[in-house]
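Everything below concerns the one structure shown next.
The values are calculated or read from the model by the stated rules, or taken from the named source; none is laboratory data. Note that the coordinates shown come from a computational prediction; the quantities given were computed from them, not determined experimentally. Positions of Cβ are backbone-derived with ideal geometry, glycine not excepted, and every protein chain shown enters the neighbour counts. These area figures cover heavy atoms from the full protein model, side chains too; ligands, DNA and RNA do not enter into them. Shrake-Rupley method; radii C 1.70, N 1.55, O 1.52, S 1.80 Å.
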Amino acid sequence: MGFLARRIASLVPVWLGITFVAFALANLAPGDPAELILGRELEQPPTPEQLEAFREEHGLNDPFLVQYARWTAGAATGDLGTSFRSGKPVLEELTSRLPATLQIAVPAFLVSTGLALVVGIVSAIRRNSFADHASRVTALVGDSVPSFVLAYLLIIVFSVTLGILPVAGRGTWQHFVLPSLTLGLATTASIMRLTRSSLLDVLGEDYVRTAQAMGLPRRTVIVRHALRNALIPVITVAALVFGGFATGTVIVEYVFGWPGVGRFAVDSIFDRDYPVIQGFVVFTGTVFVIVNLVVDLLYLRLDPRVRLAGRRAT
Amino acid sequence: MVHEAVRGLVVAPARWRDTRRRGVAVACLAGLLAAACGGGGGDEEDASGQPTAEPTPAAVQELVVGYGGDPWVDASEADQKRKPSYPLNADVCETLVRLTPEFEVAGSLASSWELVGDNTFRFTLKDEPTFNDGSPLTAEAVKYTLDYTVAEPATSGFAFLGTESTKVIDDRTVEVTPTRPNLRLIEQINHPTYSVLAPGSDPLNNPEPTCTGPFEVTEYVPNEQLVVERNEEYWGEPAKLDKITFRFIPDDTTRTLALQNGEVDLITDVPRGVLSSIEGLPGIKIENAPVGQVFLMYVARRDLAGTDKPLADPNVRRAVAAAMDQSAFVEGVLDGNAEQVTTVAPPEVLGEHADLVEGVPFDRAESARLLDEAGWTTGPDGVRQKDGRPLELSIVFPSSSGGGTGIDLTEVEFVQAQLAEVGIRGKIEQLDAGAYRERLDTGNYDLDFSGPNQNDANPAFLLSLRWYSKATGKNAPFISPGPDTEFERLVDQTLQATDEEELQRLAAEAMHELVDNEVGGIPLAGVYRTYAMKDTVQGLEAHPSSTNQRWSSVFISE
């Protein structure tokens, strides 16, 4: 518990740093939100009086630090402010889109890690075989293909040519196959390569050779002794990948017309909707903070050295 | 790849552009594959190769339209109040007067209208219209609607209406008095913003308003689709379709692939670059609307401090205009999906007076001569200079998150290349909406490449909005010819004109002054709005203003 408490405590300044960066960057960006939003609403340039009223109403005339303090206090209690555009609470806007994002993020994560682990392990234990070379080349290609190209290629093959999956939209399970595949395949290569190299490293360790020398079955050596340690860096990367998925994947959401948080965030950036931009950055930061915490806890479970270090520190 | 999502977000604008441009190649590939795999049925012809005469309506009259992103879901509350009429017009609600494809005003719910007094318009309503709940159209509904547009968040800024503007005279008569002199009300009020609602309708909170149009909303799923069905009680010619589903597909290329796949029957705003790849596909046809949008450049003459920029010199402005080869732009860059224009608004809006605007003819030698005369001589690197300062012009344009009528980088690069031919260095800056607005408001640019749409019948709309020195925007001081000019005097007169023909003449004269004499705006091309659809989709009367597009004449043939 001491380890956990220390980890959580150490995340507080990280989170505050995220809030400050989010707030400062949004405010430093060129463009007056009052002008932009009123201009669009009125379809003509707003008058100085209209601009002033908007700024006053939204607290844009207050000093930077006053605005920041007010906003951070709200953010700590879940109040991320109100969208300039829609007039709805930012948290509500984000959480209403989160299910759509998770709908493709979770399958994508399963595709990505599942495929990567299987191929990575096979590649490592059959080093320099045809399967190993083929998977490495495939990984290299996979890593090099931008996700929007992959998305279009999948659409062309599975929708336009074969006609077995829809091009875009939501509604049935078929609709999230292509977005999930695009997202998942785009990250499979990096996790696969990491799994392979990490497992190869571990397979060369003394304790693995000792286990093999003791006559343990190869499967037991790999699964129980080698893989457990080899997975530690893989878990770190996979967790970050999941964090990325869960906070929105702009390109994939855009190409497939998927109404997730990523697309929403980018539209907000274009419109200088500061509360949403700031809220999104804090939301993203918070997700990654939580993901890192979970990774630390998994380390604790998987790696006895971390457990021992934690006990010594208490 | 680890942080794909986060990285993707940071670089999104640039990647989106790439996505659009590369998407063209992808669509081409898809086109080839689809063609190779058989595709659809092909044009219907009789034995002699002649098109069959009258298409027979199919048993099922349902149309699926692939539209861009949901225009309301992430929109302001003011924009949400205009659901489902603007910017996507689902033909559910109607205005008092409507905009014809010729940019003229015609009666819609109003049978007549007249100016009574100095600034008051009286509308007489038709007897026939009823709302889709069966209740009759009344003057009270018109008052409710106009008051609704005025109530916060207001949507009616450009017509200068207020809470006291609308008065019910009797059941069929209503008077509207703008809050300040505005004789252009009739030309403006055909905008779908002023679509008449039944009292109590509130599209902001209920996406299924009670209206008088040929269709009625039956389902709206944000970010997914809007479904409308035929209003069986419609007072006019009934719609031919039973149902239209507008599916929101923001990505241009995906939308195009959805058409090729047969998931949608028709797509709007087809990207120009994709057109050539789908034009020849079996079972798909292309239809263009007349010009409703003009690609042009606004010319900044002075900066925020009032200091003259290089384009303050009329010779340099004219040299820039003369350097633009419109023909090459239309044919080479826009692939013929546009036409040459001399005006800064669709020529049609000026009626028979459009010829008054001659435009600066393309003449590179003349351009060079004018620059020489202005003292800009060619330097060792080919760029003209004066007093050791190179002639460099910044060209700004806004990023677009999709839509076939947005501006593509290649189009701006064409301008850059044309300028280079006469020794002017063009510095292109593609900006997101916020940064773009900031640059316009501070005058921090030389040329603003833009593509304004004409969505109402006021021929002086753009002139008074952008170049008029009394325009409310911050940008006007940088591009306006100035308060004591012939242009200004003519725009003043357009605001006072009471006769439509006179208005067109005055607007044409003002545009002539702006384009031919002041060279304050440089027209580049009149752009077509393009629809692509299955061969079985019939009867679309493509409107030059997409927000005034109607659907009741469309049907599906066998």
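At a glance:
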{"read-out": "Number of the exception - B:PRO192 against (1) of a type outside the set (Ser, Thr, Tyr); (2) within 26 Å of B:PRO238 (Cα to Cα); (3) crowded, with 23+ Cβ neighbours inside 10 Å; (4) more than 14 Å from chain A (Cβ to nearest Cβ)", "value": "(4)"}
{"read-out": "Residue list for the stretch A:101-144, restricted to those being polar (S, T, N, Q) and open to solvent by less than 30 Å² (accessible area, probe 1.4 Å)", "value": "A:THR101, A:SER112, A:THR113, A:SER123, A:SER135"}
{"read-out": "Residues of the stretch B:289-306 that turn out to be touching a Lys or Arg at 6+ places or on another chain (Cβ under 7 Å) and open to solvent by 20 Å² or more (accessible area, probe 1.4 Å), as a count", "value": "2"}
{"read-out": "Subset of the stretch B:441-465 [out of contact with any strand residue (DSSP E or B) (no Cβ under 9 Å at 6 or more places or on another chain) and within 12 Å of chain A (Cβ to nearest Cβ)]", "value": "B:ASP441, B:THR442, B:PHE461, B:SER464, B:LEU465"}
{"read-out": "Given (1) closer than 30 Å to B:ARG247 by Cβ; (2) of a type outside the set (Asp, Glu); (3) over 30 Å from the mean Cα position of the chain (by Cα), number of the condition A:GLN212 does not satisfy", "value": "(1)"}
{"read-out": "Test: residue in the stretch B:223-245 that is under 27 Å from B:PRO129 (Cβ atoms) and within 12 Å of chain A (Cβ to nearest Cβ)", "value": "yes"}
{"read-out": "For A:GLY163: the one exception among (1) more than 14 Å from chain B (Cβ to nearest Cβ); (2) not hydroxyl-bearing (Ser, Thr, Tyr); (3) not in a helix (DSSP H, G or I)", "value": "(1)"}
{"read-out": "Condition check for B:SER112: touching a Phe, Trp or Tyr at 6+ places or on another chain (Cβ under 9 Å) and farther than 30 Å from B:GLY66 by Cβ", "value": "yes"}
{"read-out": "Test: B:LEU409 is in contact (Cβ under 8 Å) with a residue 60 or more places away in the chain and surrounded by 19 or more Cβ atoms within 10 Å (Cβ to Cβ)", "value": "no"}
{"read-out": "Failed item, numbered, when A:SER86 is tested on (1) in a loop (DSSP other than H, G, I, E, B); (2) open to solvent by 30 Å² or more (accessible area, probe 1.4 Å); (3) closer than 17 Å to B:SER76 by Cβ", "value": "(2)"}
{"read-out": "Enumerated strands (runs of 3 or more DSSP E) restricted to the stretch B:53-143, each holding at least 3 residues that are away from every other protein chain (no Cβ under 14 Å) and open to solvent by 10 Å² or more (accessible area, probe 1.4 Å)", "value": "B:105-107, B:110-116, B:120-125"}
{"read-out": "Test: residue in the stretch B:157-176 that is over 22 Å from B:PRO203 (Cβ atoms), at pLDDT 95 or above, assigned to a loop (DSSP other than H, G, I, E, B) and open to solvent by 40 Å² or more (accessible area, probe 1.4 Å)", "value": "yes"}
{"read-out": "Complete set of residues in the stretch B:466-485 that are open to solvent by 40 Å² or more (accessible area, probe 1.4 Å) and within 8 Å of chain A (Cβ to nearest Cβ)", "value": "B:THR472, B:LYS474"}
{"read-out": "Count of residues meeting criterion [of a type outside the set (S, T, N, Q), open to solvent by less than 60 Å² (accessible area, probe 1.4 Å) and facing another protein chain (nearest Cβ under 10 Å)] in the stretch A:146-157", "value": "7"}
{"read-out": "Residues of the stretch B:150-170 classified as in contact with a strand residue (DSSP E or B) (Cβ under 8 Å, 6 or more places away or on another chain) and more than 24 Å from B:ASP499 (Cβ to Cβ), total", "value": "4"}
{"read-out": "Residue ID - surrounded by the most Cβ atoms within 10 Å (Cβ to Cβ), chosen from residues in the stretch A:216-254 that are assigned to a loop (DSSP other than H, G, I, E, B) and at pLDDT 90 or above", "value": "A:LEU216"}
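The rows are residues; the columns are (1) more than 28 Å from B:TYR468 (Cα to Cα); (2) open to solvent by less than 10 Å² (accessible area, probe 1.4 Å); (3) small (Gly, Ala, Ser).
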residue	(1), (2), (3)
B:THR254	yes, yes, no
B:LEU266	yes, yes, no
B:ASP269	yes, no, no
B:ILE286	yes, no, no
B:THR343	no, yes, no
